[in-house]
Amino acid sequence: MERLLTRWGKTLNKELPLNDYPRPQMRRDSFINLNGEWNYAIYDEYKKFAGYQGKITVPFSPECILSGVEKIVEPTDILYYQKFFDFKRTNHRVLLHFGAVDYECTVILNNKVVGEHKGGYLPFTFDITTLILDGENDLRVEVKDPTQTGTQARGKQTFKRGGIWYTPQSGIWQTVWIEEVCEGYIESVKLTPDIDYDELKIEINYNGDPNAEMAAIALDKGVVMAGCKLENGKGVIKLSDYECWSPENPKLYDLKIVAGNDQVESYFGMRKFSVGEDEKGTPRFMLNNKPYFFNGLLDQGYWSDGMYTAPSDDALIYDIQTMKDLGFNTLRKHIKIEPLRWYYHCDRLGMIVWQDMINGGGAYNFLAIGTLPFLGMLFNNKHVGRVSDGKNHYRFYARTDPAGRDEYFEDSEKMIDLLYNVPSLALWTPFNEGWGQFESEAAYRFYREKDPTRLIDHASGWSDQGSGDVNSFHIYFTPFLFPKYNKEDTRPIALTEFGGYSIQAKGHTYNKKKFFGYRKYYDQDKFDEAIRNLYENRILRCIKEKGLSAIIYTEVSDVEDECNGLLSYDREVIKVTPEVMKDINSKIKL
């Protein structure tokens, strides 16, 4: 396999990579970045630790190029980290933050266990006030990762990579950082915009004196718009003369929140995602109470040199801005949760986000839940093996482990809480196709209760239960046969995966011997022509005749053997001719 470095990876600052503030919607002045070179070792769990084996660049997983290690962590391995850092004590509390560690870790500071955490995609925090020293500190992290041998959320990671399945990654893959806070501090902020009532609802968790003064102020370019007091951590800011957020006008406002001696800075956008009917009575997605067509791409968020971890903030921006420049307005973040800075850039650049939950469960039977429906063996989008709330279907979808099912809902709740404030996030996908799907109607109700403000595609592609806000299809090889609108199903119709046309970018491919794609092309003109025909001869007709309301083309970039991206894996080549794609997208509208 080829070692492909991105332009950002080639100039990586190994001493302090990814030094941007990691939590844009809850900012404080305090920020000590612990990224950089750490000691590392990988030993079988049954062998005694025998010292560190070298240096690893955090937050890059040991499997990837930018880590400097390029070794796979096996299910029976323990991955050891160590970092020495200096700290000058103050009278404040000290918090240690991890953006994400895959999968299970124990954190040790100055030979004392700080805490443990499970879950490979979500941030976690430990209070280290009583353990951190004035001077040099010794931070260690011990990690285990079962990858596909477990039932935890794991995405497309597998030890048998190839096709649509990729090299596993383990350990620390998002920023590690320290923050100082007041004795009583704001733990979380929840923001709910409501354009129908011209207000922003605010709710904070504050662990200080409940009688302390609490307030919030909305600002536009430093000028105060309005504010409110927070009673029991809750309040409403009434707004006037504001602009609604949209991809065409990604207007954001600043927000300052004060509670006791603590203060955080945030931002918000005023927008509304919903379902309604157009002037012809066809179900449509709505943005700010008007019909809106989501024209998007599948975005897996893999990098040729950093795998799950982008080599820089500029790399994140490049993907988003390039897709917007090509005429797209939506990215479906496919079975991965990104660092918060990615969502921040979608907010400010004007890119709608559809967010998948990460798939988990046992070993899938892909003939039953994948191959047959993938080849078009669907029956009005409901095929044999319907998922229900009954136990009989747990085995069919590899969900027999009760702990794994419980962990799915725990992780879903944490994901919703983490991303709730993101203005650009329009839609949740609890399950992709049949990958680890179970109790999908219960999952839909769970997501709806936790977040009544967004759309839900409860079972993207197939195994549809009639719930949610989307009649969702994945179609690659067969004609677009989804039905016209009928009164029995009032959900808008969405083609949530299609295309996947592939062509190799010579000199920028991961696998020179073979490549995967749903339809392969070897000539640039023929590739461009095929994409144009796909959109202009099929998509446009379905928008008018079938009431198609959203499309998600596969995909933003190549990933390992999979060469169906509009960008090469190293982001050096835009594989579709930009003028062709821009012209196509200019015609995609309701």
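The values are calculated or read from the model by the stated rules, or taken from the named source; none is laboratory data. Since this is a predicted model, take the numbers as computed values, not measurements. Ideal geometry is used to build each Cβ from the backbone, glycine not excepted, and the neighbour counts take in all protein chains shown.
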Selection within the range 227-254 - part of a strand (DSSP E or B) and either in contact with a helix residue (DSSP H, G or I) (Cβ under 9 Å, 6 or more places away or on another chain) or under 23 Å from S424 (Cβ atoms) (or both): V236, I237, C244, S246, N249, Y253, D254
D241, sole failed condition from (1) touching a residue at least 24 places away in the same chain (Cβ under 8 Å); (2) of a type outside the set (S, T, Y); (3) surrounded by fewer than 20 Cβ atoms within 10 Å (Cβ to Cβ); (4) farther than 30 Å from E560 by Cα: (1)
Flag for H97 being of a type outside the set (D, E) and surrounded by fewer than 17 Cβ atoms within 10 Å (Cβ to Cβ): no
Tally, over the range 1-43, of residues that are under 18 Å from W177 (Cα atoms) and among the hydrophobic types (A, V, I, L, M, F, W, C): 7
Boolean, V275 is closer than 18 Å to S188 by Cβ and either of a type in the set (A, V, I, L, M) or outside any loop (DSSP other than H, G, I, E, B) (or both): no
Count of the range 497-517 residues which are of a type outside the set (F, W, Y), buried (at least 19 other Cβ atoms within 10 Å of the Cβ) and modelled with pLDDT of 95 or more: 8
Residues (of a type in the set (V, I, T) and in contact (Cβ under 8 Å) with a residue 60 or more places away in the chain) located in the range 155-194: I164, T167, I172, T175, V176, I178, V181, I186, V189, T192
Subset tally (residues that are part of a loop (DSSP other than H, G, I, E, B) and closer than 17 Å to K256 by Cβ) for the range 181-207: 2
Residue, surrounded by the fewest Cβ atoms within 10 Å (Cβ to Cβ), within the range 299-320, restricted to residues that are among the hydrophobic types (A, V, I, L, M, F, W, C) and touching a Leu at 6+ places or on another chain (Cβ under 8 Å): I317
Residue identified as assigned to a loop (DSSP other than H, G, I, E, B), basic (K, R) and surrounded by fewer than 18 Cβ atoms within 10 Å (Cβ to Cβ) among R395, R445, R399: R395
Close pairs (8 angstrom Cβ cut-off, 6 or more residues apart or separate chains): farther than 20 Å from G461 by Cα in the range 533-553, of a type in the set (D, E) anywhere: none
R27 surrounded by fewer than 17 Cβ atoms within 10 Å (Cβ to Cβ) and basic (K, R): yes
The range 251-289 - residue that is over 22 Å from N421 (Cα atoms) and charged (D, E, K, R) and, of those, surrounded by the most Cβ atoms within 10 Å (Cβ to Cβ): R284
Lone qualifier among S412, S424 - being at pLDDT 95 or above, within 30 Å of Y253 (Cβ to Cβ), among the small types (G, A, S) and surrounded by fewer than 23 Cβ atoms within 10 Å (Cβ to Cβ): S412
